[in-house]
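The values are calculated or read from the model by the stated rules, or taken from the named source; none is laboratory data. Given the structure is predicted, the values throughout are model-derived calculations rather than measurements. Cβ: placed from backbone, ideal geometry, glycine included. Neighbour counts: every protein chain shown. Please note that ligands, DNA and RNA were not included when accessible areas were found on the heavy atoms of the full protein model with its side chains. Shrake-Rupley method; radii C 1.70, N 1.55, O 1.52, S 1.80 Å.
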Amino acid sequence: MSAGPWSIHAFAAHPPGCAFFVVDSGNAGGESVVRRNGWRVWAVVLLAAAQVMTAVSAYAQAEPVASDASAAVPKGAVVQADYGDLMRGAADFLLAQDALSDWGVFALARAGFDVPSGAVEALKRRASDAEAFRLPTDIERTALALAAVGEHPAGAGSLDLIRMIATHDRLVDQGTMAAVFALIALDAGPYDIPGDAKWTRQSLVDWLLARQRPDGGWGYAEGAASSVDVTAAALVALAPYRSQQAAAKAVERGLAFLAAQQQADGGFAENGGSSESVAQVLIALAALGLPADDARFVRTKGGLVDRLLSFRRADGGFAHLAGEPSDAMATEQALMALAALELQKRGEALYYRIRPQVAFRLRVEGPFGPIVDRQVRAFSTLDGLSRLREEGTLTVETESTAYGPYVRAINGIEASGQDGWMFNVRREGRWLFPAEGMASYPILRGDEVVVYYGASSLVVADVEVEPAEPKAGQPFSVRVTAQGYDPADWQLKTRPAAGIVVRVGERTAVADESGEARFDPGLPAGVHELELTGYRNGGSPVYVRDVRRLVVKAAPEQTATFVRLRVEGPNGVLAEGATSADDALEALEFVLRRAQVPYEIKAYDFGKMVTSIGGYAGGADAYWLYDVRRGGAWVHPQVGLEQFRPEAGDEIVVYYASADTVLVDSVSIRPDLPSPGEPFAVTVTLTRPNWEKGSWDRFVSAGVPVRVGGRTAATDADGRAVFAGLPAGRATVEVGGASESGGAAPGGVVRVVRHPVRLAVFADRHDVSPWAVEPLAKAAAAGLVEGRADASFGPREPVTRAEFVALLVRLFGLSAAASTDGGTGFVDVPAGAWFAEAVSAARAFGVVDGTGQGRFSPERPVTREQAAVMLVRAARAVRVAAVRGDGASEGATSSGSTAGAPAASGPVFVDAAAVSLYAAQAVREVAALGWMDGVGGGRFDPAGAMTREQAAAVAARVLETRR
């Protein structure tokens, strides 16, 4: 087999087989403290903590000025140190404080630590409050903090912070630091500068160059003496502009000024010899691509790092001055500097483009087989490899060249001849073929990155299975296409993957010239893995190994309805569980057998009857009955267990009863969604059969036991029981059942059948929109939505695809019966993930089919039009409503048209034309059913992310429909 003359990467002028780390520009910032008579005056000094690199571009490699240093540290000693524990200690100290400042948020995020959600939400709220921005630096600091946590400063709130900076009338009235902050904030990302801007990036550069003092430094204000902190900040801001001759000269003069101010102990006299000044100079060196042990900054008693670490205290924090305890502000800036050093060690070439760590899939494919396939959280591909190396998963060797460092060997497999370590990125099912290197190419959350050994190896572009989802045993074919660059014209081309080997379990097939491999006979039902390889002896692989998932569906008769069932005895629950069953009796027997509860069923002429469960036998005064809870309301079957055909999502309650036994019709909690510590009342409405009328009466009664969190109260004459507030978290309200307060009737038969209701007390209750309080309470009571580990709900945060699918599976009672091997059907949904079972069920019932290339993208926010499609499919699967659906891929954009389908009656949205063709019918259906409405102004916002409180409202409305 031969791949022909095609090659994925065409670096004709570069050494062959090298994965290059092309330098790009980025941004960073920090903060300095000036002490005057015990007061702190905060000056704005941007940090380069997370914008560090070891590979610098040609314009950054200027010759250093002469140094008067009399001592030297072995070259590379600083770069090779391990700063992880030091950063963790500083982060823990900051997180233990009562509150995080903006720079605390920035420092944690840029050092790779999780920022508390409350701090992020506070930033976003501020981005909608114009009164919060008294000074230009307030805007700039907030913009940088938002960028560091992954939010766009122009869209995190209602205010466009980038525009506010660029159009500020009195920007430089605040002094040099306002200009420094403005330039770094504008450089933090690829932000557009408005046409009416008073300040552009270049005008800010020119302003700073014009204010450099004769000694090479910058002062806080025009005419003020040069300051170490201000000069370091100015160097950070000017670092990306050293391709301009004037800026390059200014940078060298600034470095000379800083070196002249350094004392013998490695520190600076300014601000009383503070740790912050040392941190800011370290940050500036990092921004300029210079090592911390640059000869100009090594003194007789040590260098910058030695001096910074002398301020570290036992609690992990850093002091402002020698001999003082740890200080939050000093610790923030020390963490920034440590992060700069750590990123420099990792070979990060981020410059000033703020790029937070993201979670992505990293595969390393060797010449003879896979090496590793892992989810990692890192800044870049190189950083991901470095982290795997540090944990001992693999070995990685890099080497520096004039073009930057490249990966020379992985696990001892070295680049040789034309073969070497390459990489490619697959995003939303499409290969991107990066023109940058592993250190600089921006990776996004959810990307799949493949580092592979090869030169002319091609990647698998597409895999088509015909039929798309074959039935068990049905023959099928796999057609594979591959992509690569044709060196004849340097064009990216696609061709059939002739000769590629397709493996499914122990079976293999080789693709013919058209790229097609056939499997006859077919496979058993379940989720299978297709492995696609192109290994060859004596050379690198023709094709980069790839893995896809194949769903083989079971025959329709193999599936059954998914229901929940519980058995209520006189002293509590005897058994409960969920199962797929064709009738209620089958479900009961399955749950009892699994719980090892003995039971007896007798057959009569009229059918089968349950005569005993758990030793409780039926007779004249006590007997076993059942009723069905559907959509929050009771369904009272008029047939026996064996004849009742449940609907998906039904809850069957089998209970030991007498003529006096009643059911709980409804439980009302007021307020609907109590805050932590807030008292609440539980109102219980009961129901019982009225044999004369042939109906069920609803009524309230005193003395019904209600239990919440270990406390018990009895209802009054109005059916109310009042409780003191609960702490944030989950609780269960239990009504009726056996209790010491008289819940059991004579003879051991329960008077009120136990009825559990979930109660959620969210820590962020006040963040819930007023319109969402009632539906969220209903959805939580039904067990459809839950809070996070910290007892918050995050009502206005986007709901992910995984979370929404899990909600639908609970809401519609879907089961994963069709996935017999425990697989999920998607390459990015591992079997052990918390959402794997739900995704598998949704896939089996046709609710989801992914976002392309075998991926589900579980962490991606679900859009409102995707949610509509999933809702319609789920409803159609269990026949909840007369929905037509769409039948198209939920990720499609132009196929699967439902034109010609009858339009549903309902609201007409002003942005209906923006709804993707594949989702148009579904959007009309959910609007007509009242399950989803607009977001205001007559808009549906199809591409907008659905929030968690919107998802809860949808669940509550579907529940109401099912009533």
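A few points about this structure:
- Residue match in the range 638-648 (condition: loosely packed, with under 15 Cβ neighbours inside 10 Å, over 46 Å from the mean Cα position of the chain (by Cα), aliphatic (A, V, I, L, M) and at pLDDT below 90): yes
- Some residue of the range 286-293 being more than 17 Å from ASP215 (Cβ to Cβ), under 36 Å from the mean Cα position of the chain (by Cα), part of a helix (DSSP H, G or I) and at pLDDT below 95: yes
- Some residue of the range 99-111 being over 27 Å from THR200 (Cβ atoms) and basic (Lys, Arg): no
- Extreme residue, least open to solvent (accessible area, probe 1.4 Å), among residues of the range 460-515 that are more than 21 Å from GLY429 (Cβ to Cβ) and basic (Lys, Arg): ARG507
- Only one entry of ALA210, ALA239, ALA224 meets the criterion of being small (Gly, Ala, Ser) and within 41 Å of the chain's Cα centre (by Cα), and that entry is ALA239.
- The residues of the range 243-281 that are open to solvent by 10 Å² or more (accessible area, probe 1.4 Å), among the small types (Gly, Ala, Ser) and either over 21 Å from VAL305 (Cα atoms) or part of a helix (DSSP H, G or I) (or both), listed by number, are SER243, ALA246, ALA248, ALA256, ALA259, ALA260, GLY272, GLY273.
- Condition check for GLY384: at pLDDT 85 or above and open to solvent by 10 Å² or more (accessible area, probe 1.4 Å): no
- Just one residue in the set ASP160, ASP138, ASP173 is surrounded by 16 or more Cβ atoms within 10 Å (Cβ to Cβ) and closer than 30 Å to ALA224 by Cβ; that residue is ASP138.
- Count - residues of the range 304-331 that are in contact (Cβ under 8 Å) with a residue 12 or more places away in the chain and open to solvent by 10 Å² or more (accessible area, probe 1.4 Å): 14
- Scope the range 584-625; condition assigned to a loop (DSSP other than H, G, I, E, B), touching a residue at least 60 places away in the same chain (Cβ under 8 Å) and surrounded by 18 or more Cβ atoms within 10 Å (Cβ to Cβ); matching residues: ALA622
- Tally, over the range 766-797, of residues that are open to solvent by 50 Å² or more (accessible area, probe 1.4 Å) and not aromatic (Phe, Trp, Tyr): 10
- On inspection, VAL547 fails the criterion of being surrounded by 15 or more Cβ atoms within 10 Å (Cβ to Cβ), within 30 Å of VAL450 (Cα to Cα) and in contact with a His (Cβ under 7 Å, 6 or more places away or on another chain).
- Residues in the range 599-618 that are more than 22 Å from GLY572 (Cβ to Cβ) and either hydroxyl-bearing (Ser, Thr, Tyr) or touching a helix residue (DSSP H, G or I) at 6+ places or on another chain (Cβ under 7 Å) (or both): TYR604, LYS608.
- Note on the range 459-539: enclosed strands (runs of 3 or more DSSP E) holding 1 or more residues that are closer than 20 Å to VAL552 by Cα are 459-466, 476-486, 501-504, 507-510, 516-519, 526-533.
- Residue match in the range 189-206 (condition: touching a strand residue (DSSP E or B) at 6+ places or on another chain (Cβ under 7 Å), under 24 Å from LEU285 (Cβ atoms), among the charged types (D, E, K, R) and open to solvent by 10 Å² or more (accessible area, probe 1.4 Å)): no
- Looking across SER101, SER117, SER158, SER128, one residue alone is within 25 Å of LEU341 (Cβ to Cβ), hydroxyl-bearing (Ser, Thr, Tyr) and under 25 Å from the mean Cα position of the chain (by Cα). It is SER101.
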